[in-house]
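Please treat every number below as a calculation from the coordinates, not as lab data. The shown structure was predicted, so the numbers you read here are calculated from the model rather than taken from an experiment. So basically every Cβ, Gly included, is an ideal-geometry build from the backbone, and we count neighbours across all protein chains shown.
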2 protein chains.
Amino acid sequence: MRCFTFFDRVSRAFRDHGSNFKLLLLCTTLSGGGVLAYGEAIGASEAAVPEKKKVVVLGTGWAGTSFLKNLNNPRYEVHVVSPRNYFAFTPLLPSVTCGTVEARSIVEPVRNIFRKKTVDIQFSEAECLKIDSANRKVYCRSNISNNEKEEFVVDYDYLIIAVGANVNTFNTPGVTENCHFLKEVEDAQKIRRTVIDCFERASLPSVSEEEKKRILHFAIVGGGPTGVEFAASLHDFVTEDLVNLYPGIKDLVKITLLEAGDHILSMFDKRITTFAEDKFRRDGIDVKTGSMVVKVSDKEISTKEMKNGGEITTIPYGMAVWSTGIGTRPFIKDFMSQIGQTNRRAIATDEWLRVESTSNVYALGDCATINQRKVMEDIAAIFKKADKDNSGTLTVKEFQEVLDDICERYPQVGLYLKSKQMHDLADLLKESKGDVEKESIELNIEELKTALSKVDSQMKFLPATAQVASQQGTYLAQCFNRMEECEKNPEGPIRFRGEGRHRFKPFRYKHLGQFAPLGGEQTAAQLPGDWVSIGHSSQWLWYSVYARYKQVSWRTRALVVSDWTRRFIFGRDSSQI
Amino acid sequence: MRCFTFFDRVSRAFRDHGSNFKLLLLCTTLSGGGVLAYGEAIGASEAAVPEKKKVVVLGTGWAGTSFLKNLNNPRYEVHVVSPRNYFAFTPLLPSVTCGTVEARSIVEPVRNIFRKKTVDIQFSEAECLKIDSANRKVYCRSNISNNEKEEFVVDYDYLIIAVGANVNTFNTPGVTENCHFLKEVEDAQKIRRTVIDCFERASLPSVSEEEKKRILHFAIVGGGPTGVEFAASLHDFVTEDLVNLYPGIKDLVKITLLEAGDHILSMFDKRITTFAEDKFRRDGIDVKTGSMVVKVSDKEISTKEMKNGGEITTIPYGMAVWSTGIGTRPFIKDFMSQIGQTNRRAIATDEWLRVESTSNVYALGDCATINQRKVMEDIAAIFKKADKDNSGTLTVKEFQEVLDDICERYPQVGLYLKSKQMHDLADLLKESKGDVEKESIELNIEELKTALSKVDSQMKFLPATAQVASQQGTYLAQCFNRMEECEKNPEGPIRFRGEGRHRFKPFRYKHLGQFAPLGGEQTAAQLPGDWVSIGHSSQWLWYSVYARYKQVSWRTRALVVSDWTRRFIFGRDSSQI
């Protein structure tokens, strides 16, 4: 029994209240940041149905959380299993390594996320050990640090695998033992402590000048967006904050970025790559391209220099961060071999995110790849379905009737037309038939094959990014929400190899752009339509894009903005905690 | 080489700017909190003097930091050695355990503290291994987590020991292995993670009801201010935040406070003790007094129940926090045996904080106690000094001439007079001589002894609190600042046993009150003059007292207020990081 005080009551009223009130108060509380934010609509349908389907979700990353946030059909009973009881906004991880943003500001407890939902959701903080797809069971073990590890088994009707990927060291000796990674929140915190450690070690009176240089050499392996952003953040941390606190050793600091390829940020536009390389050179960050790490000992990194004919060079270092490679978790490997998917990096799914050769297992995010079906594999079926009068030839009219279904089922067709600047499939058919009148074109199967022969070259694999995972989660939740509805009234494309239509439209990724913060308030952005923006404006664009992510709660938005404000006023903290 | 951006420049200008601008902006930025804050004056004397004295300071807690903050004589060359590169505002540690305040908000990097000082200060993050007082050397070892531990030796002219105390388990079996402590920032962070761990473990599907009850039983050993505040914070965390996130297990939570004595908060006024015990009873916190812990295993605590004739009871628990007992660090024990102070808990110093039987070592804070000199030890010397005409008797006039010196040198005299409601030492003399006219009193040595015989009963030992340590640090810095000045013109009391005067006035503690936050926005305060205040008003008093601490920087003040605001709006975070 406790008596609620006035403060309590106001605070509770506040927390339980709607978005408008919060928006009002936040606008008053937080200065700057330009946050555009909107509340999350909680779709609620009240009717309880007797028999609930058991859905087990593995993982609380981008894909899993986005699925849970959007699921609102109360006919499911959901059990979430994840070793982390929070969702982390991973694009801000490099900011956490240097204290620009606090770790706690980028995480959101998952229980908060589904607390107000009408769907029955249960959470267990545990790792998945094994999936038994034959018996529809998942074996789990609590990872809570304690002597006795609790083990338990969960049954499912539907299994959703969204466990992400782990780091791939490519079996390079010494990486696991000596390098830091940058996948989890704990990694970022550990890096932060280690950076300060290095500065404190180099300040000890007994350390030689040469040893100081070694300790203050920060090596980053991998010139992708994460490695580049970390290098930039570290450089900002050193030049803006640490030089004032460690004036005696500031000139000994060196940052090296090692990239095996010819350029850093190779997935971006050439202009961005050049800009980043130039900026890093001006900043004094040593960018070594064509440099492949072959071994890491406790004090030295050995690299193979492609430019010098594969010569092995050894560099002393103080801290090394490995930010390259995507690997598969062991229990996922085991599951893949159960369902006959061996020698793959990720679980193959169809365009509806369902794991191939299973009926009730879905996989999304970094642990999965969509196996887009090729037009050429189905060409005979397509021909047969389109040729309604069984004449052995297709008219343009017949073709146009199935055109939308083709473009929906095989998105590469649309991409191919776009690349050829054609508006219509008929143009493509015309191309293969020469200058015949459009309306009178008729093709046989061989001619259709020729017309579509290059279409499959436009197939694109989706990148392993937060954006993809998040969109997949939302998509899958929408499918689950309307499962019964779509069983009755399917809304997907025609089944060319079967009867009727697919229940759902296939997943389609919408690229919203990609950002690469380069330090010093400069950010490079590659936006849809290959539009490139570099500089301060992109930094603000990135802030506002961040603030609009649906995964981000009101709480984390406010915390991140207040962290930015703190950093602006007081600089970054260098306490070793 | 880097080009500074506009943002950088503004941010730098801001950070390097004076207090008024910051105050202005902070008032705009932070809503609520009612912080009264003032800037720290940096005393600056520019003249450099050739031969600097080497001062080594061990520790960056309350005493050490307060010394460093107030030292401004550039004739010293200071080397600070501490295993922590930050100062922690320890009174807020219990708030950190439950996330009311973030760990980072209560710490301040020491390098920040002395960055702008004119005194030459060097910092090494290391532990002290051994003090060699004969050769004026300190042996240190870097505690940075790494394979090779750097060791080094520092010479000193003056040594200042301010290393605090460690936990005393009274050799109770199992405490070190199974209990959490609450001394350091890391301890508070670990407790926070463990609380969430317990809730997550108890939510696992495989755990039995009985086991859930055990896991959710939080036991706190020690009913002092820290234990009580932690119990209160934990109760608030559970009832205000966790019940919403873990609705299924909220009724299984139990908090027990074990105290060996008859009451909790026994150092406070009886009214506060009663109020706290009643409040805890209403809150459902089980307060077990007369319960002495004799053994702690991984799942059970064994206690000896004084009320039941010393019967041994065993209680299952999920998390145990040991917050009682003050112990001595091993190298301090070793140092004490070097200087012949064995079998003591803390280093004995004189009233000027100088370690007894040394000339250039000072000790302050929790690792030291002041050995207040007794009047009766010096009574003959006092008599001799006061009896200027060597008449063998003291007149009131003679006595009054040395009165101020006596009261300064032996503060118990003043306290005794106060307790007897006397205004003047003459009243005391009169008391022993009966109804003689004041002016004509004359005493011989035996009569003086009788008059002062009970004075020493008023001697008080200072508590091991942040307040004492902080005042001692300030005092010692002021002595060091004016060392040469006071050598020439001593300003202390007469040396009764020697010639001349003491250089400095002895350290005098000024008690500013003590707070005991009891949860639910209720705080008990015992203020100077035994004024007691309990309730919400004291909570705000505590907030404003906190904000006025000189140790607290602008940065930490703002961060704590913003944490309070965050908590008010969003509640406490339950992510396991």
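For the pair the range B:50-124 and the range B:312-332, the centres of their Cα atoms are 28 angstrom apart. Just check the range B:380-459 against the gyration tensor rule for me: Cα atoms, a ≥ b ≥ c as the square roots of the eigenvalues, rounded for a/c under 1.5, and otherwise prolate or oblate depending on whether a/b exceeds b/c. Oblate, because a/c is 1.5 or more while a/b does not exceed b/c.
Assuming a ≥ b ≥ c are the square roots of the Cα gyration tensor eigenvalues, decide whether the range B:244-307 counts as rounded (a/c under 1.5), prolate (otherwise, with a/b larger than b/c) or oblate. Here the range B:244-307 falls in the oblate category. Could you give log10 I(q)/I(0) at q = 0.09 Å⁻¹ for chain B, computed by the Debye formula over C-alpha point scatterers of equal weight, without solvent? The Debye formula, applied to the Cα set alone, gives -0.83. Under a model in which nothing but the beta-carbon of Lys, Arg (+1) and Asp, Glu (-1) is charged, the range B:429-516 shows a dipole of about 420 debye around its Cα centre.
The rotation axis taking chain B to chain A passes closest to this chain B residue's Cβ, listed with the gap in Å: B:Ser562, 3. Take each peptide in B:182-188, B:281-287, count the other Cβ atoms within 10 Å of every residue, and average; sorted highest first, the result is B:182-188, B:281-287.
Antiparallel as a % of all DSSP beta bridges within the range B:249-337, to the nearest 5?
Working: 11 of 15 bridges.
Taking every DSSP beta bridge within the range B:249-337, about 75 percent pair in antiparallel fashion.
Summary of the geometry: the range B:361-425 and the range B:500-577, compared by the centres of their Cα atoms, lie 35 Å apart. The magnitude of the dipole of the protein assembly as shown, with charges of +1 and -1 set on the Cβ of Lys/Arg and Asp/Glu and taken from the Cα centre, is near 660 debye.
The calculated FRET efficiency for the pair A:Lys420 and A:Ser266, based on their C-beta separation and a Förster distance of 30 Å, comes to about 0.65.
Hey, quick one: spin label on A:Leu252, modelled 7 Å out along Cα-Cβ, who in the range A:180-214 has an amide N within reach, i.e. under 12 Å? Those under the cut-off are A:198-214. Would you work out which of B:Val207, A:Trp554, B:Phe152 lies farthest towards the positive end of the dipole of the protein assembly as shown, given +1 charges on the beta-carbon of Lys and Arg and -1 on that of Asp and Glu, about the Cα centre? In the protein assembly as shown, that residue is A:Trp554.
Using +1 on the beta carbon of Lys and Arg, -1 on that of Asp and Glu, and nothing else charged, what's the dipole of chain B about the Cα centre, debye to 20? Present the calculation step by step, with values, prior to reporting the outcome.
Numbers: 77 positive and 75 negative charges, 240 e Å.
With Lys and Arg at +1 and Asp and Glu at -1, about 1160 debye.
Inter-chain neighbour count for B:553-562: the average number of beta-carbon atoms from partner chains within 10 Å of each residue's beta-carbon is 3. Pop the C-beta distance of B:Glu401 and B:Asp278 into the FRET formula with R0 = 51 Å and round what comes out to the nearest 0.05. Computed FRET efficiency for B:Glu401 and B:Asp278 comes out at 0.40. Averaged over the residues of A:123-129, the number of partner chain Cβ atoms lying within 10 Å of the residue Cβ comes to 3. The mean count of C-beta atoms from other chains within 10 Å of the C-beta of residues in B:236-242, rounded to a whole number, is 2.
In the structure displayed, which of A:Lys212/A:Lys254; B:Lys69/B:Lys510; A:Lys149/B:Lys250; A:Lys279/A:Lys510; B:Lys190/B:Lys299 lie more than 21 Å apart, Cα to Cα? Walk me through the intermediate numbers first.
Details: A:Lys212/A:Lys254 11 Å; B:Lys69/B:Lys510 19 Å; A:Lys149/B:Lys250 23 Å; A:Lys279/A:Lys510 30 Å; B:Lys190/B:Lys299 18 Å.
The pairs that break the limit, which is 21 Å between Cα atoms, are A:Lys149/B:Lys250; A:Lys279/A:Lys510.
Rounded to the nearest 500, the helix-only mean residue ellipticity at 222 nm of chain A stands at -11000 deg cm²/dmol, with each DSSP H run of n ≥ 4 adding -39,500 (n - 2.57).
Note on the protein assembly as shown: dipole from Cβ charges, positive end direction compared against B:Leu364, A:Gly571, B:Leu245; the farthest Cα belongs to A:Gly571.
Given axes a ≥ b ≥ c from the Cα gyration tensor, I'd like to know whether the protein assembly as shown is rounded (a/c under 1.5), prolate (a/b larger than b/c) or oblate. Because a/c hits 1.5 or more and a/b exceeds b/c, the protein assembly as shown counts as prolate. Averaging the Cα positions of each part gives two centres, and for the range A:222-288 and the range B:144-196 these lie 37 Å apart.
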